[in-house]
Amino acid sequence: MRLDLILKHSGLVKRRTVAKYFCDHNLVTVNNKVCKPSYDVKDKDIIEVKMGDKLITFVVDIFQNGNKISLTYNLLNKNKENSDA
């Protein structure tokens, strides 16, 4: 499944265009590699999203039953990179 769709369905972004913006500005990595929005995310890939001063890391689980695909997300961490305050 495409990376921009994964971000949209995870609820981190509202629209695919916003997910594309994040990918185009190197704010999203998959397995520690910067990827395009069209990157094909595999089962058990680790996705990191930088949103402001937060770094959100989660693992995606993809289950396919015939033509139906279901996704689950396991949040690994949600921390602040710059904790100045």
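The values are calculated or read from the model by the stated rules, or taken from the named source; none is laboratory data. This one's a predicted model, so the numbers in the text were calculated from it and none came from an experiment. Glycine also receives a Cβ, built like all others from the backbone with ideal geometry; neighbour counts cover every protein chain displayed. Side chains included, ligands, DNA and RNA excluded: accessible areas come from the protein's heavy atoms. Shrake-Rupley method; radii C 1.70, N 1.55, O 1.52, S 1.80 Å.
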Review point. Where does each of 3-11, 32-40, 46-54, 63-71 land if you order them by average Cβ count within 10 Å, highest first?
Key: 3-11, 46-54, 32-40, 63-71
Point to revise | Within the chain: Cβ-based charge dipole about Cα centre, in debye rounded to nearest 20 (Lys, Arg +1; Asp, Glu -1) | key: 320
Study note, to complete from the structure: The extension gain from LYS68 to GLU48, computed as 0.36 nm times the residue separation minus the Cα-Cα distance, is 4.6 nm
Practice item. Throw me the Rg/Rh for the chain, computed over C-alpha atoms with Kirkwood Rh, two decimals. Key: 0.98
Practice item. Could you look at the chain and say what percent of its accessible area is carbon and sulfur, using a 1.4 Å probe and all protein chains? Key: 49
**Study point:** Charge tally in the Cβ shell below 14 Å around LYS8, where Lys, Arg are +1 and Asp, Glu are -1, LYS8 excluded
**Key:** +4
